[in-house]
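Okay, structure first, notes after.
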2 protein chains.
Amino acid sequence: MARIVVKFGGTSMANIERIRNSARHVKREIEAGNEVAVVVSAMSGKTNELVGWVNEASPLHDAREYDAIVASGEQVTAGLMAIVLSEMGIQSRSYSGWQVPIYTDDSHGAARITDIDPTELNERMSNGWVPVITGFQGISTKNNRVTTLGRGGSDTSAVAVAAAVGADRCDIYTDVDGVYTTDPRIVPKAQRMTKISFEEMLEMASLGAKVLMIRSVEMAMAHKVRLTVRSSFDDPDAPQIAPDGTPGVPGTLVCDEEEIMEKQIVSGVTLAKAEAKITLRAVKDSPGVAAAIFGTLADKGIIVDMIVQNISDDGATTDITFTVPDSEYDKAVKALENNGGRFEYARLSGSKGGAKVSVVGVGMRSHAGVASSMFKALADKGINIQLITTSEIKTSVLIDEEYAELAVRALHTYYGLDKKDA
Amino acid sequence: MARIVVKFGGTSMANIERIRNSARHVKREIEAGNEVAVVVSAMSGKTNELVGWVNEASPLHDAREYDAIVASGEQVTAGLMAIVLSEMGIQSRSYSGWQVPIYTDDSHGAARITDIDPTELNERMSNGWVPVITGFQGISTKNNRVTTLGRGGSDTSAVAVAAAVGADRCDIYTDVDGVYTTDPRIVPKAQRMTKISFEEMLEMASLGAKVLMIRSVEMAMAHKVRLTVRSSFDDPDAPQIAPDGTPGVPGTLVCDEEEIMEKQIVSGVTLAKAEAKITLRAVKDSPGVAAAIFGTLADKGIIVDMIVQNISDDGATTDITFTVPDSEYDKAVKALENNGGRFEYARLSGSKGGAKVSVVGVGMRSHAGVASSMFKALADKGINIQLITTSEIKTSVLIDEEYAELAVRALHTYYGLDKKDA
């Protein structure tokens, strides 16, 4: 017997037929003798509709009213799921965030869960009930009003509930069937992973593999909640087989590194396009100059991705290069040029249309030379590298967007990630 | 300065433009120096959509889940109204029923309000805030779950809030501009009333004038809450003129009889069509026989309207005639014929296609002969009367449906209700 928290996303709750299919996954787990709690998103499109109304009512609205309105979508799906489960003979009831309660801070629209009282959920689950909980929301301990966690927050709700009730696993049912070694639309030989570590998933998520919200992975890692990513569109009654062919969850398990026996040097290749590069030449180097530059951009709400700094030719100034989204390029250049004397530089150059290609893998930690092998693999295809950044388990390069797919495919093959039978 | 609770129905909250127009009515009251609380319905059509999903999920659903789901519609409109009011410079916040709190019993789907804690509302209102409260719902004191009051319950919510905060008036904004002396589609000369007593409104409501929910009128009468029925589609900035041309609320005031100086003998004429008549001849008269007959029908969920009982020719048995909706006629006849020996009668006869025409007026109490004058007015038009029932302030007759409109027009003219200038 295991205790499982399952979460269904918007496409899995889009209508009664989809809800019924999702409920059959719950039924399978209950019949296997497990204890189950369910966390649900709103019907797909519903949250957008509600947000649209809020913005139409007033672009400058009170975030507390935004939350009161937008939180209603999950109440509907939680109730419907409880009804469908009951009809299948499974004892079930719905809970709004404030009924659990799921306590948050009062950062309305982007609240953080501070505590969950598991008493009621534990009691229900140990008596064979399936509590169905609204994702994406809670109640502020400060003002007793409904809060929402920000878009995609239902994943975070699910992980937090799983941590609170001490679940053995948190199954995230979505419209993809797992995490792939790279985007299968670019590399048809991409493989579905059986396991991936939290650290790798974090890098993958932040690098553009939009399967899980970063916050939910961070929280899962912090509380050691084992996550699976799986499809609610699978036949609920099919045998449960993991991607590697062994019995298990038909999806990807995101877990502690310890659980992964054979570590690949590189687990996945990710791609982010439309990155613009900006270089400031001969920046007068003084303490706080980087803070001044990036503070100027942050003030304009521009998010900077890769940052590289080098000593300049003359040894007294420095060259700083960084990337921003293509769409922010003009705004960023303007902000830097009119910086009000916060910093000085000789020349500004830059261009749009870059692509960031990264290889991710916890195995890098114990393998020297991943970066150099990556550069060689790209050089063999005649791909020029414009920027390089590295972290403990990731190496990223910026290249011309034209070469993006070629680079991803080359690296995927080079690191032995291609599907064998494809 | 007055304290006013205003309620907006579904058509007044149907979209942001409509909500904005409704909010302008609130603004006018605030600018006139009044204290205002708002009670809102869900967007028109929204509750039906939610109920549709519930029934699709399972026709035999838990009423508590029904309530959790269906209550979400008003949360959306309450939040939107608070945002729109804030944008107009009026301090406002939304409250769900459970936040006020509005306490109810635990009859989910048809709950009754047991108590409202006015502390928070009073404090807000006296500080110039406009609290916006979800209509139609509350929280059960027994199980701490969200309850709904049954369809049209927002009127009841508004009256209950008005009673709790000691409001001087409860303005029900709807898509009609008041209560008419009869249906203007039948009688173009129908007049909008300036005032009508609670008792008359109750009779009008139960006789087919579907402007206000009966429960809300009963509650208003019990707590002496003055109600107005007015249109949210009116220009919010137009001068406030009552139907009689005096300054006041542009709509109909439903109030205590005491407030109405000049009492009409007849205030209104109402019509209910598709009434079927059933007569049981020579019913063996014994104590409890009426209870047995109408109990048999109640067991089948058949609602009986008019009931007339007479001594039969032989003096030892009795004739009983009553009406049911046309749609229930066959079911009713079958139930009576197969009554399992609960009562005995000689013959059953009946027919569909009746129309009940009623005249209502508190003035009847002090005027003899209203019934006979009514019968004469109908006889003058050659209309045959099949059944007669009377109450203190109402006289109803059942006639052939063919003559329904003719009868209504004749009585409307006869009692001097026709608009003078039309």
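The values are calculated or read from the model by the stated rules, or taken from the named source; none is laboratory data. Quantities reported herein were computed from a predicted structural model and do not represent experimental measurements. As a convention, Cβ positions derive from the backbone with ideal geometry for all residues, glycine included, and neighbour counts pool all protein chains shown.
Structural remarks
- All of B:M219, B:M213 fail the test of being more than 30 Å from B:R409 (Cβ to Cβ), out of contact with any Cys (no Cβ under 7 Å at 6 or more places or on another chain), surrounded by 19 or more Cβ atoms within 10 Å (Cβ to Cβ) and not assigned by TED's automatic domain parsing to the domain that holds B:A272, apart from B:M219.
- Of the strands (runs of 3 or more DSSP E) that lie entirely inside region A:214-330, those containing 1 or more residues that are farther than 30 Å from A:T11 by Cβ and touching a Ser or Thr at 6+ places or on another chain (Cβ under 7 Å) span A:268-284, A:307-311, A:317-325.
- Of the set (1) surrounded by fewer than 23 Cβ atoms within 10 Å (Cβ to Cβ); (2) touching a Leu at 6+ places or on another chain (Cβ under 8 Å), all apply to A:I172 but (1).
- Residues (in contact (Cβ under 8 Å) with a residue 60 or more places away in the chain and farther than 11 Å from A:V100 by Cβ) located in region A:110-127: A:M125, A:S126
- Lone unmet requirement of (1) within 17 Å of A:N21 (Cβ to Cβ); (2) touching a residue at least 24 places away in the same chain (Cβ under 8 Å); (3) more than 7 Å from every other protein chain (Cβ to nearest Cβ) for A:V84: (3)
- Candidates B:V70, B:V100 - the one that is at the interface with another protein chain (Cβ under 9 Å from one of its Cβ atoms) and not polar (S, T, N, Q): B:V70
- In region B:39-63, the residues that are at the interface with chain A (Cβ under 7 Å from one of its Cβ atoms) form Cβ pairs under 8 Å with partners that are crowded, with 17+ Cβ neighbours inside 10 Å and among the hydroxyl-bearing types (S, T, Y), at six or more places apart or across chains, as follows: B:L50/B:S72; B:V54/B:Y66; B:S58/A:S86; B:H61/A:S86; B:D62/A:S86.
- Residue in region B:154-173 that is in the same structural domain as B:M201 (by TED's automatic domain parsing), within 21 Å of the chain's Cα centre (by Cα) and within 30 Å of B:L411 (Cα to Cα) present: yes
- Meets criteria (closer than 28 Å to A:I16 by Cβ, more than 12 Å from chain B (Cβ to nearest Cβ) and out of contact with any Ser or Thr (no Cβ under 7 Å at 6 or more places or on another chain)) for A:G135: no
- Of all residues making up region A:165-219, the number that are of a type in the set (S, T, Y) and free of Cβ contacts under 8 Å to residues at least 40 places away in the same chain: 1
- Residues in region A:286-316 that are within 19 Å of A:G341 (Cα to Cα) and among the hydroxyl-bearing types (S, T, Y): A:S286, A:T296.
- Selection status of A:V397, in contact (Cβ under 8 Å) with a residue 24 or more places away in the chain, in contact with a Leu (Cβ under 6 Å, 6 or more places away or on another chain) and not basic (K, R): no
- Among the criteria (1) under 23 Å from B:T147 (Cα atoms); (2) surrounded by fewer than 24 Cβ atoms within 10 Å (Cβ to Cβ); (3) over 27 Å from the mean Cα position of the chain (by Cα), the one A:S92 does not fulfil is (2).
- Selected residue (criterion: nearest to A:A160 (Cα to Cα)) from residues of region A:2-34 that are within 14 Å of chain B (Cβ to nearest Cβ) and without any contact (Cβ under 8 Å) to a residue 60 or more places away in the chain: A:A14
Conditions (1) within 24 Å of the chain's Cα centre (by Cα); (2) in the same structural domain as B:F343 (by TED's automatic domain parsing); (3) touching a residue at least 40 places away in the same chain (Cβ under 8 Å), marked per residue:
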position	(1), (2), (3)
B:A238	no, no, no
B:P243	yes, no, yes
B:T246	no, no, yes
B:K273	yes, yes, yes
B:A290	no, yes, no
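- Matching option when the condition is over 22 Å from A:D177 (Cα atoms) and within 21 Å of the chain's Cα centre (by Cα), among A:T11, A:T47: A:T47
Conditions tested, residue by residue: (1) under 20 Å from B:D400 (Cα atoms); (2) surrounded by 18 or more Cβ atoms within 10 Å (Cβ to Cβ).
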residue	(1), (2)
B:E262	no, no
B:G268	no, yes
B:A276	yes, yes
B:L280	yes, yes
B:V283	no, yes
B:I307	yes, no
B:I320	yes, yes
B:T323	yes, yes
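- Filtering region B:286-296 for residues that are more than 30 Å from B:A222 (Cβ to Cβ), modelled with pLDDT under 90 and aliphatic (A, V, I, L, M) leaves a non-empty set.
- Taken as a whole, the condition of being closer than 22 Å to B:I393 by Cα and either surrounded by fewer than 16 Cβ atoms within 10 Å (Cβ to Cβ) or at pLDDT 95 or above (or both) applies to B:D256.
- Residues of region A:128-155 classified as in a loop (DSSP other than H, G, I, E, B) and either without any contact (Cβ under 8 Å) to a residue 24 or more places away in the chain or in contact with a helix residue (DSSP H, G or I) (Cβ under 7 Å, 6 or more places away or on another chain) (or both), total: 5
- Hey, B:I19 under 25 Å from the mean Cα position of the chain (by Cα), at pLDDT 95 or above and part of a helix (DSSP H, G or I) or not: yes
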